[in-house]
Amino acid sequence: MATNIEYLHADQIGGCVTLISTETTKICIDFGKNLPGSRYKEDVEVVGLTSGEAQYDAVFFTHYHGDHIGCFEKLLPEIPLYMSSLCRDVLINTYVALARHDDKYSKQVELLQDAAQTHIIWAQDVIKVGDIKVTPYTIDHSATAAMMYLIETPDKRILHMGDFRTHGYIGDKLKKLLKCYVLEKPVDVLITEGTNLTREDNYLTEEELAQQAGELMQQHKLIFCLCASTNFMRLQNFYRMAINEHKVVLLNGYMMAQFKSYYKYKQELCNRLYHKQSEKPWQPYKMYTLLLDKDYLHDNSTYQIQDRHLQEHGAVIFVSGMMAVAAVKKLWEKYKELQPLIIYSQWQGYIKDKGTEYYKEDLARLCTQYPTVQLHTSGHASKKVVEEIIRLVDAQEYTAVIHSERAELINRSSFCRERSNKR
């Protein structure tokens, strides 16, 4: 039987599932939740994957964003799950925090901690599942340690890009990576995201964003930064700029746990690359768990040290999650004489697209009421970059554009004709 590839929920951004099967083996790439406002309202259900007798041999996850992995607990327990160590740790932190409020999330923690079901993968380590060979490669995305997969079956070479971009910290290495490790032989099928095919096409790099943040930190003693808790490159860059300005960096306990997981992953990666066994715990310089939003700790010595350092040198306070708005309002009133500034470093749709399922009214109102600067860049490749990758890979059979409102299958010959016409 020839290799079969099936795409589920491909014509929306998020919640996309790719099923690849040979005569003897079946694997799945990603199994996430639909995003608010998506075309499909029900999560994917697949016989042999989520119900009935297990027919799939493995599920591979590209990264830890919920629209790619958020339904992993629905998968049949006999099916092995493969993900990066950072992906697993980020999810454990998330579900441990949720389980404090609702015990139903304890199930996800148990699954992730079960080494018999959840398997850790590293870039360029080959995983053999039946007659399918899977090789992961680290690529640039707003989720650190995101993976693309080269999938080799008896009759096809398939490249699944996952979510990617080229304007982040390792984005400029993508084409070299492809040329050196993937394109030594022809790729039959390319599967690429197309998130930004219908969006604006001009993105700042993460380094440009960091420089702008640094300039704002020079001008304002106190900065509140609204940023996703797992956008580690953004957090690290802003942290670096804050330290350059001699500011203290404060963040809640949940964000601190995520940050520690990020540095644990970096240490593990370094140990693997350089054959070291260092396990020295990460000690953040001038980064502390935020206490100033807790009145009952007013007489605590650590609370007083934070307050004094903030008053004397200034601070960058990272906030995210459901309590972010309340925390900013409270601390703004407390330190308003310092003339604080909000840096909003998330997708604009949350505060601009009124009437949508994902619009956050409280957050939008906060950014309207208080001085706010928007500093954000996409976690996804631009239209131009997607087209460049399609040309570079030059898939022999077809390219599948998924994770997009313009999902389509592009025949190689038709794409070549389109390129000729543009010339």
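Here are a few things to note about the model shown:
- Distant-in-sequence amide contacts of Leu222, defined by a placed amide H-H separation under 5 Å and a gap of 5 or more residues or a different chain, comprise Ala315, Leu341.
- Centroid-to-centroid separation of segment 68-143 and segment 317-365 [C-alpha atoms, Å]: 31
- Helix-derived mean residue ellipticity, 222 nm - over the chain, DSSP H n ≥ 4, -39500 (n - 2.57), to 500: -10000 deg cm²/dmol
- Residue-wise HN-Hα couplings along segment 179-187, as the Karplus relation 6.51 cos²θ - 1.76 cosθ + 1.60 with θ = phi - 60° gives them from phi, are 5, 7, 10, 10, 8, 5, 10, x, 9 Hz; Gly and Pro carry x.
- Phi to ³J(HN,Hα) by Karplus 6.51 cos²θ - 1.76 cosθ + 1.60 over segment 193-204, Hz, x for Gly, Pro: 6, x, 3, 9, 5, 10, 10, 4, 10, 9, 10, 5
- Accessible area in the full protein assembly, largest first, 1.4 Å probe, for Arg165, Arg88: Arg88, Arg165
- Choice from Asp89, Asp353, Asp30 showing the highest fluctuation, given a GNM over the chain with Cα pairs closer than 10 Å: Asp353
- Total lysine pairs in segment 275-423 at Cα distances under 19 Å, for residues eight or more apart or on different chains: 9.
- Here segment 1-122 carries DSSP beta bridges of which approximately 50% are antiparallel, counting only pairs with both residues inside.
- Legend: residue pairs Lys176/Lys247; Lys176/Lys266; Lys107/Lys260; Lys33/Lys107, Cα-Cα distance threshold 26 Å; pairs beyond threshold, Lys176/Lys247.
The values are calculated or read from the model by the stated rules, or taken from the named source; none is laboratory data. Predicted model, so just to flag it, every value in this text is computed and none were measured. Side chains included, ligands, DNA and RNA excluded: accessible areas come from the protein's heavy atoms. Shrake-Rupley method; radii C 1.70, N 1.55, O 1.52, S 1.80 Å.
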